[in-house]
Amino acid sequence: MSGSLLILIVMGLLVIYGIFIYNHLVTIKHNVGKAWSNIDVLLKQRHDELPKLVETCRQYMKFEQETLERVMQARSQVASARASHDIPALGQAEGALRLGLGNLFAVAEAYPDLKTNDTFKHLQARITGLENAIADRREFYNESVNINNVRVEQFPDTIVARLFSFRQFPLLRFASEEKKDVDVRQLFAS
């Protein structure tokens, strides 16, 4: 076997290996996109349900306007971060929204007529279900991002990644308020 034939075989194997790496990186990148789309759909659904919940609560909670306004302000921040695909800002806004919803549901306990309202109960269950689904999808998204980020940094994948402009993606982290213990006594204080 001549030296030039050996070099051609090695070059051919390197090209095939490079194509394999490229295709794998494309698959991983699209998995991140798919995971984000799953979160985006749930955020949109919750975004559409929140005004209904706030309006239902507003009819009963005449003196709790500040709580309702915080929820709507956080909803607006989530929508803005979602529209601009600003993952870190979305994490902060999500934390504020979840805290606001927790406060809203806790304050609603003081309004027996509201707690028994079928529309409120339906919306509360729907939003709680969406919150749980978002948390599940967030875990899937972060796992997809982690796989992508590791592969983009690993050798020899990093060579192909840089050559074809594959990039890292940010993790979706919620605000630190969500991780804190909730002071239930404070929520139910009159």
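Legend: ranking of residues LEU68, LEU97 from fewest to most surrounding C-beta atoms inside 10 Å; resulting order LEU68, LEU97. For trypsin sites (Lys or Arg not before Pro), the sites in segment 1-106 that DSSP calls loop and that have at most 10 other Cβ atoms within 10 Å are LYS62. Restriction of the chymotrypsin sites (Phe, Trp or Tyr not before Pro) in segment 1-89 to DSSP coil positions whose beta-carbon has at most 13 other beta-carbons within 10 angstrom yields PHE63.
Note on ARG162 and VAL15: the extension gain reaches 51.3 nm, defined as 0.36 nm multiplied by sequence separation minus the Cα-Cα distance. In degrees between 0 and 90, to the nearest 10, how far off the longest principal axis of the chain does helix 118-153 point, with axes built from Cα atoms? Tilt of helix 118-153: around 20 degrees. Only DSSP H runs of four or more residues enter the estimate; each adds -39500 (n - 2.57), and after division by the residues of the chain the mean residue ellipticity at 222 nm equals -27500 deg cm²/dmol. For the chain, set up a GNM with springs between Cα atoms under 10 Å and report which of GLN77, GLN65, GLN92 has the largest fluctuation. Judging by the Gaussian network model, the answer is GLN65. Given R₀ = 22 Å, FRET efficiency for GLU139-SER37 by Cβ-Cβ distance, to 0.05? After rounding, the FRET efficiency stands at 0.90. Each of GLN59 and ASN146 was given a label point 7 Å from its Cα along the Cα-to-Cβ line. The distance between the two points is 4.5 nm. Extension gain, GLU109 to ASN132, is 6.2 nm, computed as 0.36 nm per intervening residue step minus the present C-alpha separation. Taking every alpha-carbon pair under 8 Å whose residues sit at least 6 apart, the chain reaches a relative contact order of 31 percent.
Just so you know, all these numbers are worked out from the coordinates, no wet-lab data involved. Worth saying up front: this structure is predicted, and the values here are computed from it rather than measured. Positions of Cβ are backbone-derived with ideal geometry, glycine not excepted, and every protein chain shown enters the neighbour counts.
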